[in-house]
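One structure is given here, and the rest of the page talks about it.
FYI, it's all coordinate maths here, none of it is from the lab. The model shown is predicted, which means the values in this text are computed figures rather than measured ones. Every residue, glycine among them, receives a Cβ derived from its backbone with ideal geometry; neighbour counts consider all protein chains shown.
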């Protein structure tokens, strides 16, 4: 491939890799900053009974901010050229995954976390995996139950419940 053909191929891609790296790093740095500032209100230290509630968010926030600086410096030094997606079909594949995730995030308010996870996982397996619905339902039911058990019962992390929770799951 000649240099002119290579330049033409690079121009046919979608999005700048350098811009994507910088924007994503800045976003993650902002998330890290929010985590650090919020954890300060919870107490990011070590108390007599162990870690205070703000310790883990503080550590993760600092790690995100350090990683942000590293990515920005690396991107600036390397002068990353190229495109984020080589072909438009790649953008469509990302949207096929990203848009249902975004819909799921908004659906949590109405469906609750576990029902949303079950619908998302089942839909994803059927749509992308090509499996039949009658094979997917048992797997998704077990997966959702194990997730519920781990989060609610073992780790005591209470996730949003659906509006149907009191009617069908009176526990």
Taking only C-alpha pairs under 8 Å that are 6+ residues apart, what is the relative contact order of the range 87-171 in percent?
35
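Using a Förster distance of 35 angstrom, determine the FRET efficiency expected from the C-beta separation of residue 84 and residue 62, and round it to 0.05.
Calculated transfer efficiency: 0.80.
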Express in nm, to one decimal, how much length is gained between residue 157 and residue 40 on full extension, taking 0.36 nm for each residue of separation and deducting their alpha carbon distance.
40.0 nm
Ranking 136, 105 by Cβ neighbours within 10 Å, fewest first, what do you get?
105, 136
Fewest-first ordering of 72, 92 by Cβ atoms within 10 Å yields 92, 72
On a 0 to 90° scale, report how tilted helix 3-12 is relative to the longest principal axis of the chain, with both axes built from alpha carbons and the result rounded to the nearest 10.
30
Given C-alpha coordinates of the chain, what is the ratio Rg to Rh with the Kirkwood estimate of Rh?
1.08
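What FRET efficiency do you get for residue 131 and residue 77 if R0 is 45 Å and r is their Cβ-Cβ distance, rounded to the nearest 0.05? Could the numbers behind the result be given before it?
Numbers: r = 45 Å, r/R0 = 1.01.
That gives a FRET efficiency of 0.50.
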On the formula 1/(1 + (r/R0)^6), with r taken between the Cβ atoms of residue 52 and residue 31 and R0 of 22 Å, the FRET efficiency rounded to 0.05 is 0.60
Per the helix-only calculation at 222 nm, which mean residue ellipticity applies to the chain, given -39500 (n - 2.57) for every DSSP H run of n ≥ 4 and division by its residues, nearest 500 deg cm²/dmol?
-24000 deg cm²/dmol
Kindly put 83, 67 in sequence by how many other C-beta atoms sit within 10 Å of each C-beta, fewest to most.
67, 83
Here the relative contact order (percent) of the chain, from C-alpha pairs under 8 Å and at least 6 apart, is 21
The range 87-171: Kirkwood hydrodynamic radius (Cα pairs, Å) comes out at 14.1
Nearest 10, in degrees from 0 to 90: the angle of helix 55-78 to the longest Cα principal axis of the chain is 10
